[in-house]
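Below: one structure, written as structure tokens.
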Amino acid sequence: MAETLTITSTSRQEKYVDLIPQLKALLENETDLIANLANTAAALRQTFGFFWVGFYWVKGNELVLAPFQGDIACTRIPFHKGVCGACYTQAQTLIVADVEKFEGHIACSSLSKSEIVVPIIQHKKVIGVLDVDSDVLDDFSDIDKKYLEEICNFLANIIQ
Ligand code: SME
């Protein structure tokens, strides 16, 4: 397919509905992990203009920075630290409306105000997380949770 996205909707939910089939079409014929994570991060940032979108991948006993879009970020996150570590440990999506109120939040940028982190689960194990940061307080809802989980489940299914 052509490497372009066509997003005509304006609401957050409708943008996900526009994006997801195009993203799936882009990912499903590619087996390379880094290529697929990179395009997913780019597609989400391009569509929504999020402040930071990226992946942390499980390597040994920590999470290591993987493809992302945005400013440079912390490279390694121990499993017991930050929102990403909590997402890994709990194996569930975490929405943080105000990062300053989340004990242990890791501030890669002082401009980040709210955050959603979604686990990528394969064979019942978390293999990585998708982290999306916003420079707006309380920017994420169950709509983001629903569609970002759909994207992460899709990734888990195609990752070999
Ligand atoms: N805020 C995250 C760290 C990653 S950066 O936001 C890119 C956390 O608390 O785990």
Could we say that Lys101 is over 16 Å from Leu63 (Cα atoms), within 13 Å of the ligand (Cβ to nearest atom) and among the basic types (Lys, Arg) here? yes
Meets criteria (over 16 Å from Trp57 (Cβ atoms) and either more than 10 Å from the ligand (Cβ to nearest atom) or surrounded by fewer than 20 Cβ atoms within 10 Å (Cβ to Cβ) (or both)) for Ser112: no
In this structure, is Thr31 at pLDDT below 95, out of contact with any Phe, Trp or Tyr (no Cβ under 9 Å at 6 or more places or on another chain) and of a type in the set (Val, Ile, Thr)? yes
Is one or more of the residues making up region 50-71 open to solvent by 30 Å² or more (accessible area, probe 1.4 Å), over 18 Å from Glu115 (Cα atoms), part of a loop (DSSP other than H, G, I, E, B) and not hydroxyl-bearing (Ser, Thr, Tyr)? yes
Out of everything in region 1-35 that is in contact (Cβ under 8 Å) with a residue 40 or more places away in the chain and of a type in the set (Ser, Thr, Tyr), what residue ends up being nearest to Gly49 (Cα to Cα)? Tyr16
Which of the residues belonging to region 72-82 are outside any loop (DSSP other than H, G, I, E, B) and either at positive phi or open to solvent by 60 Å² or more (accessible area, probe 1.4 Å) (or both)? Arg76, Gly82
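The values are calculated or read from the model by the stated rules, or taken from the named source; none is laboratory data. All values derive from a computational prediction rather than experimental measurement. Cβ atoms come from the backbone with ideal geometry, glycine included; neighbour counts cover every protein chain shown. The accessibility values were calculated without ligands, DNA or RNA, using every heavy atom of the protein model including side chains. Shrake-Rupley method; radii C 1.70, N 1.55, O 1.52, S 1.80 Å.
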